[in-house]
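Structure record follows, encoded as structure tokens.
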Amino acid sequence: MKVLVIGGGTGGLALAHGLKRAGVGVTVFERDALRTDGLHGYRVGIDPDGSRALHALLPTELYDTFVATKARDPKYFNMLTEDLKEVLSLDLPPATDPVESEKSISRMTLRQVLLTGLEDVVEFGKEFTRFEQEGDRVTAYFADGTHATGDLLVAADGAHSRVRRQYLPQAKTEETGIIAIAGKLPIIEESAKLVPPKVFEGITMVNAPRGLACILHVMEFQWDRDGKVKSGIGGNTEELIRRWPGLQFDNTRDYINWGLSATADKFPANVMELRGHELIDAALRLTPGWHPNLRRLFELTDPGTCFPVNIWTSVPLEPWQTTNVTLLGDAIHTMTPGRGVGANTALRDAVNLCRALIEVRDGTKQLLTAVGDYEMRMIEYGFDAVNKSRAQMTADDPVHKPVIGRVALAGMRTAMRAVNHLPPVKRRMRDSMLAYRGADRGELTLDITPAQVNR
Ligand SMILES: Cc1cc2nc3c(=O)[nH]c(=O)nc-3n(C[C@H](O)[C@H](O)[C@H](O)COP(=O)(O)OP(=O)(O)OC[C@H]3O[C@@H](n4cnc5c(N)ncnc54)[C@H](O)[C@@H]3O)c2cc1C
């Protein structure tokens, strides 16, 4: 069996690791020309589901490297007003288990971790253009004039998937009406002092009038600005980072990252064309009454790190006839970042598809039956996550409406402040938030038996 994976992002690379370990022939075709290319955003929260999937798919030492390269664990989930007053602050449990825990991960670091050990599997500079199916074989064509033929083509080419557009033209994606601007700044003495201690040690959401929201992440890693392991780390973590070749390709250093979102009408009409200082200016113009420290964070942002994001979502679709083309991750179920589970769902797809293909390898299922079973479940949990993520981030939310929005914000703040003073209710709220992110406990394990020669 030969599997062609289009797209070397989170889901495609994780799948490739699992297939390689299982002895299934796999090649990943990535559009980016170089390993270091692409602005992949800054932070991704990998939850216990995502961790279990990675644990199942990656070689043991690489999984340990993934854990060693995470950012310091956040201790709090905070909700603040735009003048930095606490509305709610939930204590997050310390991560005691390397698998069953939330992790704050740099996107570039995750990409470099996932590329480690796949040097013989990933081909860069391969922009997929179209595929052709003939009999039980499928051929992918690339912009450089080359092509590749295999038994199964997996679309892992993200939200604007070319494979999906050809294969499932009925699948629709649509704008949510929400736009975000993101940027990051290095942690230096001045920037570190701008945020309260709980913000420095937590994940923070600032909710403000007119439906404006700003998420703040403070990311500190085990290596310093020169890429050397910080002193006092020691033990296995130090050894893993020292041995990991991926750090040479990873420019991630300690940073504060912010994402400011609102309905599109609040931004300049050409926001998606703005870059650098123009985006910082747009953020400052949107937030005139905000606490000076938050505005200073915007001002101190490295202009080269700013980018606008138009938040899209896919529209759930009916199951389709299974063939030797399938999809995973954002290519089929793009979702808003509202629940922070897009990457985790892509990883869940990867482990489920890998399991299905191991059944084919072992002769216990035919290829199309295995792929069909994978798709049936993926459609169910994937679009469930799409719907829940959309409900969290939509222009239809009352907070975005002119008059009722103020009432909705005031009501939300009153309710959250009340919760903040009721420890048992706070704990329940935290537990239900964490339960959603690890709700599928146990399902994402994979027993990858070593492939037998010539199998
Ligand atoms: C602002 C923001 C914050 C987010 N935060 C979180 C979070 O905290 N937790 C979480 O779980 N998720 C989060 N997500 C979602 C997450 O980033 C995605 O769901 C996840 O990256 C999807 O993985 P994927 O493998 O499907 O696609 P991607 O990781 O996007 O990979 C697609 C790959 O395909 C390549 N490609 C594209 N077109 C072609 C082509 N024609 N030929 C060849 N290659 C191609 C691309 O270069 C890329 O490498 C967030 C998303 C956004 C926008």
TODO: Please find, among LEU317, LEU297, the residue that is in contact (Cβ under 8 Å) with a residue 60 or more places away in the chain and either assigned to a loop (DSSP other than H, G, I, E, B) or polar (S, T, N, Q) (or both).
DONE: LEU317
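Residues that are among the charged types (D, E, K, R), at least 3 per element: which strands (runs of 3 or more DSSP E) completely within the range 1-118 meet that?
Numbers: elements: 2-6, 25-29, 43-46, 76-80, 86-91, 103-106.
In the range 1-118, there are no strands (runs of 3 or more DSSP E) which contain 3 or more residues that are among the charged types (D, E, K, R).
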Open item on the list: For the range 307-337: of the residues being hydrophobic (A, V, I, L, M, F, W, C) and more than 13 Å from the ligand (Cβ to nearest atom), which is nearest to ARG52 (Cα to Cα)?
Closed with: VAL325
Task: Conditions (1) within 9 Å of the ligand (Cβ to nearest atom); (2) under 22 Å from GLY438 (Cβ atoms); (3) among the hydroxyl-bearing types (Ser, Thr, Tyr); number of the one not met by TYR42 - done: (2)
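Out of all the residues in the range 238-289, which are in a loop (DSSP other than H, G, I, E, B), among the aliphatic types (A, V, I, L, M) and either surrounded by 21 or more Cβ atoms within 10 Å (Cβ to Cβ) or in contact with a Phe, Trp or Tyr (Cβ under 6 Å, 6 or more places away or on another chain) (or both)? Working first, answer last.
If we filter the range 238-289 for residues that are in a loop (DSSP other than H, G, I, E, B), which is where we start, we get 244, 250-254, 267-270, 274-275, 287-289.
Checking the rest, the ones that are also among the aliphatic types (A, V, I, L, M) come to 269, 274.
Answer for the range 238-289, where residues must be in a loop (DSSP other than H, G, I, E, B), among the aliphatic types (A, V, I, L, M) and either surrounded by 21 or more Cβ atoms within 10 Å (Cβ to Cβ) or in contact with a Phe, Trp or Tyr (Cβ under 6 Å, 6 or more places away or on another chain) (or both): there is none.
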- [ ] Filter the range 81-122 down to residues that are over 20 Å from ARG427 (Cα atoms), touching a residue at least 60 places away in the same chain (Cβ under 8 Å) and under 22 Å from the mean Cα position of the chain (by Cα), then give me how many there are.
- [x] 16
- [ ] Search the range 13-39 for residues being in contact with a strand residue (DSSP E or B) (Cβ under 9 Å, 6 or more places away or on another chain) and under 27 Å from GLU220 (Cα atoms), and hand back the single one that is surrounded by the most Cβ atoms within 10 Å (Cβ to Cβ).
- [x] LEU13
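Residue by residue, here is whether (1) over 19 Å from the mean Cα position of the chain (by Cα); (2) of a type in the set (Phe, Trp, Tyr) holds:
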position: LEU13; (1), (2): no, no
position: HIS17; (1), (2): no, no
position: THR27; (1), (2): yes, no
position: GLU30; (1), (2): no, no
position: ASP37; (1), (2): no, no
position: TYR42; (1), (2): no, yes
position: ILE46; (1), (2): no, no
position: GLY50; (1), (2): no, no
Open item on the list: Which of the numbered conditions does GLY340 fail, given that it passes all the others? Conditions: (1) over 23 Å from the mean Cα position of the chain (by Cα); (2) within 13 Å of the ligand (Cβ to nearest atom).
Closed with: (1)
Task: strands (runs of 3 or more DSSP E) contained in the range 128-214 and holding at least 1 residues modelled with pLDDT of 95 or more, under 29 Å from ASP265 (Cα atoms) and within 16 Å of the ligand (Cβ to nearest atom) - done: 173-186, 202-207
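Residue-by-condition table, conditions (1) closer than 30 Å to ALA262 by Cα; (2) within 16 Å of the ligand (Cβ to nearest atom):
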residue	(1), (2)
LEU4	no, yes
THR10	yes, yes
VAL28	no, yes
TYR63	no, no
LEU80	yes, no
ASP91	yes, no
PRO98	no, no
THR109	yes, yes
Open item on the list: Can you find a residue that is closer than 24 Å to LYS184 by Cβ and in contact with a strand residue (DSSP E or B) (Cβ under 8 Å, 6 or more places away or on another chain) anywhere in the range 118-128?
Closed with: no
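The values are calculated or read from the model by the stated rules, or taken from the named source; none is laboratory data. Every value quoted in this text rests on a predicted model; they were computed, and no experiment measured them. Positions of Cβ are generated from backbone atoms using ideal geometry, with glycine treated the same way; all protein chains shown enter the neighbour counts.
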